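Structure first, then comments.
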Amino acid sequence: MGLTIQPLRSTALFAAMSLAVLSNATLAEDGEVADTPALPLIRSNMIGAYGPWLSDKVLTDGPGQLSFRTGKWKSLDEWRRTARARVWECMAPVDLGGQPDVRVEETYEFDGLHIERLSWQLPVGPRTEAVFLKPAHAKGRLPGILALHDHGGNKFLGWRKIARIDDKPWPLIASHQENYYEGKAWANEIAKQGYAVLVHDTFPFASRRVRVSDVPEQVRQKGVDPEPSDAEGIKQYNAFAAAHEHIMAKSLISAGTTWPGIYVVEDQRALDVLCARPDVDASRIGCGGLSGGGLRTVFLGGLDDRIRCAVAVGFMTTWREFLLDKCFTHTWMAYVPLLPRDLDFPEILSLRAPAATMVLNCTEDALYTVPEMRRADTMLRDIFEKGGASEAYQCNFYSGGHKFDAEMQKDAFEWFDRHLKASN
């Protein structure tokens, strides 16, 4: 039997039905509008009506099950063992072997610095390229910095984003550093302050990037594998890499691992390289970086005790912020399935307490909201205070957008000096 659709009998009934829809009311049998309790208004968020439910009922607003803020643990040490084990379990780290064999590709001096171009081969993928910098003619063991490059929507570049090895950088490098770092190569700047600095490409950037020629045609997105002089080709590559992020994330999960499960391990192998050098004091090691480098600092600083001092720049917020408002602005590299109900995002970094920890935020950074950045700060501050280490944590807010400018670099370098040079 077919369905016959009857025309509306009057414009009055149509208006009543429209009013019912708009006001969450229902129609009585006689066509009049009957009042019913109004549904709660849903503020705009990433997933509409499901957002408040996931935020309030699934994630919840209170401390996660493994948060030090619950008061279940008597000491930071006792808590750290349990919470770190859970982070590693959720990350599902891959095996990338032990300390890699390093090949020195080139050695020279530039701008008052001793420069070494390095590379090493991990068990999978192309050779990792890196650069090591320290003051020319420096003697003895220096405090070390593992400088972590950003994401910046640019996977064609890696370590070159934050270092310079000659006075003729690629135009793309100069533009990137001007945009995010006030024209400075911050790895060089801190090396000049008396540090041994290692900057490496991490998965999947620069030397460790996915080549367009190695993926199926249907996912290439008109991408190409460009030469450094091909500005348009680099744009095409980065567009491909951006579109490829969700494919990468789904593939990693299908393999039983996660994005942090790879890059954190790669960063640890680079840390092995830095700590093994005879000109580096492995007891005085720091790490830091902007944006994606800040994200990497959260994980590496939170999980590896060799990092005595950590500075996370431009990457601090809460899982609630990602859930409701800002996941669309961020890389898939940030997410660890199942972890949010155990630890909030800032608490990954707090796993390093009572070791020195600095967070630098900008109040006009479009990647975050100020309320959630401040809520993250409160979480970190509470944990350090409850652990008896309030002096080891500092959070600064600056005007402006997403950046690590000269003022912020100065504050970060002073923090490194305070905690890595005091024992010198």
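Please treat every number below as a calculation from the coordinates, not as lab data. In this text the structure is predicted, and so the values were computed from the model without any measurement. So basically every Cβ, Gly included, is an ideal-geometry build from the backbone, and we count neighbours across all protein chains shown.
Which net charge results when you count Lys and Arg as +1 and Asp and Glu as -1 among the other residues whose beta-carbon is under 9 Å from that of Lys403?
On the way: positive: none; negative: Glu182, Asp365, Asp405.
Combined, the nearby Lys, Arg, Asp and Glu give -3.
Using a cut-off of 11 Å between beta-carbons, work out the net charge of the residues near Val265 (Lys and Arg +1, Asp and Glu -1, Val265 not included).
On the way: positive: Arg269; negative: Asp95, Glu266, Asp267, Asp272, Asp304.
Residues close to Val265 contribute a combined charge of -4.
Using a Gaussian network model on the chain with a 10 Å cutoff between Cα atoms, which of His246, His149, His114 fluctuates the most?
Looking only at His246, His149, His114, the biggest GNM fluctuation is shown by His246.
Go ahead and estimate [θ] at 222 nm for the chain from helices alone: -39,500 (n - 2.57) per DSSP H run with n ≥ 4, summed, over the residue count, rounded to 500. List each step's numbers first, then the result.
Numbers: 11 runs with 141 residues, N = 424.
That comes out to -10500 deg cm²/dmol.
By average Cβ neighbour count within 10 Å, what is the ranking of 314-325, 130-141 from highest down?
Peptide ranking by packing, descending: 314-325, 130-141.
Checking the table Lys250/Lys326; Lys184/Lys235; Lys72/Lys410; Lys161/Lys192; Lys184/Lys386; Lys134/Lys410 against a 27 Å threshold on Cα-Cα, which pairs fail?
Lys72/Lys410; Lys184/Lys386
Going by C-beta contacts inside 10 Å, put Tyr335, Tyr180 in order with the fewest on the left.
On the way: Tyr335 18, Tyr180 23.
Fewest-to-most Cβ neighbours within 10 Å comes out as Tyr335, Tyr180.
Counting pairwise Cα distances across the range 100-232, what percent come out greater than 19 angstrom?
Roughly 53 percent, once rounded to a whole number.
With the chain treated as a Gaussian network of Cα nodes joined by springs under 10 Å, which of Ala376, Ala83, Ala366 yields the largest mean-square fluctuation?
Ala366
With a point put 7 Å past each Cα toward its Cβ, work out how far Val58 is from Thr82 in nm, to one decimal.
Rounded to a tenth, the inter-label distance reads 2.6 nm.
I want the local charge near Lys235. Using Cβ-Cβ distances under 14 Å, sum +1 for each Lys or Arg and -1 for each Asp or Glu among the other residues.
Working: positive: Lys155, Lys222; negative: Asp225, Glu227, Asp230, Glu232.
After counting each charged neighbour, the total is -2.
So how tilted is helix 370-386 from the main axis of the chain? Cα-based, degrees 0 to 90, rounded to 10.
Taking Cα atoms only, the helix is inclined about 60 degrees.
Tally the DSSP beta bridges in the chain and give the antiparallel ones as a percent, rounded to 5.
So the antiparallel bridges amount to about 45 percent of the total.
Averaging sequence separations of C-alpha pairs under 8 Å and six or more residues apart, then dividing by the length of the chain, give the relative contact order as a whole percent. Numbers along the way, then the final one.
On the way: 742 pairs, mean separation 72.4, N = 424.
17 percent.
Shape verdict for the range 317-424, please, from the Cα gyration tensor: rounded (a/c under 1.5), prolate (a/b greater than b/c) or oblate. Before the final figure, lay out each step's value.
On the way: a/c = 2.05, a/b = 1.28, b/c = 1.61.
Oblate, since a/c reaches 1.5 and b/c is not below a/b.
So if I place +1 on the C-beta of Lys and Arg and -1 on the C-beta of Asp and Glu, and nothing else carries charge, what would the dipole magnitude of the range 80-420 be about its Cα centre? I want it in debye, nearest 20. Don't skip to the end; give the middle numbers.
Values: 41 positive and 47 negative charges, 129 e Å.
In debye, rounded to 20, the range 80-420 gives about 620.
Taking the Cα atoms only, what angle lies between the long axis of helix 231-254 and the longest principal axis of the chain, rounded to 10 degrees?
70
Compute the helix-to-body angle for 76-91: its Cα long axis versus the longest principal axis of the chain, expressed 0 to 90° and rounded to tens.
70
Sort the chain into rounded, prolate or oblate with this rule: let a ≥ b ≥ c be the square roots of the eigenvalues of the Cα gyration tensor; rounded if a/c is under 1.5, and if a/c is not under 1.5, prolate when a/b is larger than b/c, oblate otherwise.
prolate
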